[in-house]
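Heads up: the structure comes next, in structure tokens.
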Ligand code: ADP
Ligand code: ZN
């Protein structure tokens, strides 16, 4: 059990060095485990207060805490922040001269430091001080980077398994803001801490309103959205560098000060965009996912996804940059199958292609959900929400279902007549009786299903198709030129009179009204 002396010092230490009177949810419990020399895995959302979980024990224990962190760019800030609070801290990484590095090693030997931040790739340069036991605890920040199951795999993290083998007596505290169950298991396995107690904090960020819209006229929709929020800070995530620039330019042309940010900019340019954003000089940043890691800005009011992220971990992390101050904020995601197809193309041939595609499927299901989106999102992270959230578009505007069996039959039999070899666009063209080159060349006017769906607009067909895919009645064969294919369930609809329920598409008018309100 934790020594009584420690227990009595917990709160005074929290007050003295960090200025807080109380711990947040699980902090005290986690700290107690570390003080008991037990390994722990902490899953806590960004801004949840992970740092104190290893910083505070170090102040109570003798010796130094080794902090492994991949964010070299942030180490200096972190260390400066600690020093400002009167905590002896230093960092060690490849950006330093060898004199600076020697000085830090000396400080560790002389036991002057409470915390030493090191990038994983710099660990080997520290092998001398790693042998004798100087460390009271080893903290591994952004621990999901060790797992190729996670979304931000870093090879340099894979060597970290040696730490537990070398320092078997030293507790390891692994921390991350994003890890689904498979990733968590992989983390404890690779770090050799199979018995680590796992602390999983609530991921629910109630103040963030979640909304998904079809990606029609994205730019116009974004303009309207941003204009309604004049003077407020927001991030718009795009898939490509080019995309960020094009969008920023379009917004600028409409009088909105927007800046592009991506990894293709040089260091100064990137720093400038970040600083202007943090100090409210730039309100809107159109960025790739390179933007945001480590940006501590509490009043980001909205995050828009111009393109769909490749998985829910990424999505959750990105929308989590909104509303850190707890005030109402908005996450808006645009959804289109074009993005799904594009993202599939990226995973083609990757070693973990299957896994990435499974994650993309979950992302797609979330985008097309007809149930509370927050429930689905939190469920993905293993958290069950007892009730619908009331703060997502589905909760606010529950879809109405109708008997769409005939619509489904028309669509599925069209797929069958096209021998499951045509992509969505052609299937819809056939249904609508279009007369374009493909149709004429391939003689599709002869098909029995040609023109049987001309009473339904192209857009509405897309809406129905999305739902049929979602409900498993047909699927896109990404490896066969994105052709639409039937599934085992299709038969039930085509031959066994199974009823299909679909939601009504919103009319353009309704959509506009809704957007006006939002
Ligand atoms: P994370 O690493 O989980 O993203 P941080 O450790 O940077 O989060 O903490 C986020 C913010 O919350 C910081 O400003 C920190 O000072 C604050 N914080 C942490 N613990 C507490 C607490 N017990 N009471 C109040 N504020 C806290
Ligand atoms: Zn909801």
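Quick notes
- Across all C-alpha atoms in segment 104-208, the radius of gyration and Dmax reach 15.1, 48 Å.
- Cα coordinate range in segment 105-147, projected on the principal axes (Å, largest first): 34, 19, 14
- Largest to smallest principal axis extent of the C-alpha atoms in segment 309-447, angstrom: 60, 42, 23
- Principal-axis tilt of helix 508-517 within the chain, Cα atoms, nearest 10 degrees: 30
- Hull-based mean projected area of segment 275-386, where the convex hull spans the alpha carbons, in square nanometres: 8.2
- Rounded to 10°, Cα long-axis angle of helix 337-347 versus longest principal axis of the chain: 50
- Anisotropy class assigned to segment 1-137 is prolate, per the alpha carbon gyration tensor with a/c at or over the 1.5 cut-off and a/b larger than b/c.
- Helical contribution to [θ] at 222 nm, DSSP H n ≥ 4, -39,500 (n - 2.57), averaged over the chain, rounded to 500: -12000 deg cm²/dmol
- Looking at segment 235-333, the DSSP beta bridges with both ends there are about 0 percent antiparallel.
- A Förster radius of 56 Å, combined with the Cβ-Cβ distance separating residue 281 from residue 348, puts the computed FRET efficiency at roughly 0.85.
- Evaluating kT/(6 pi eta Rh) at 25 °C and 0.890 mPa s, with the Kirkwood radius of segment 424-511 over Cα pairs in the Stokes-Einstein relation, gives 172 µm² s⁻¹.
- Summarised as an ellipsoid, the chain has semi-axes of 49, 25, 22 Å, derived from the eigenvalues of the Cα gyration tensor scaled by 5 and square-rooted, with the largest first.
- nm² value of the averaged projected area, convex hull over the Cα atoms of segment 399-453: 4.1
- Ordering of 121-134, 326-339, 45-58 by packing [mean C-beta count within 10 Å, highest first]: 45-58, 326-339, 121-134
- Anisotropy class of segment 214-337 from Cα gyration tensor, a/c 1.5 cut: rounded
- For the peptides 232-240, 22-30, residues were scored by their other Cβ atoms within 10 Å and the scores averaged per peptide; the highest-first order is 232-240, 22-30.
- Using alpha-carbon coordinates, inclination of helix 181-190 to the longest axis of the chain, degrees: 40
- Prolate/oblate/rounded label for segment 1-70 (Cα gyration tensor, a/c 1.5): rounded
- Principal axis extents of the C-alpha atoms in segment 293-347 (largest first, rounded to whole Å): 37, 20, 13.
- Among beta bridges that DSSP assigns inside the chain, antiparallel share in %, nearest 5: 15
- With one equal scatterer per alpha carbon and no solvent term, the Debye-computed log10 I(q)/I(0) for segment 151-248 at 0.19, 0.21, 0.25 1/Å reads -1.00, -1.13, -1.42.
- Packing rank of 383-389, 366-372, where each peptide gets the mean count of other beta carbons within 10 Å, highest leading: 366-372, 383-389
Any read-out appearing in this document is the output of simple, stated calculations on the displayed coordinates, not a laboratory observation. Please read all numbers here as calculations on a predicted model, not as lab measurements. No Cβ is skipped: glycine too gets one built from the backbone with ideal geometry, and neighbour counts run over all protein chains shown.
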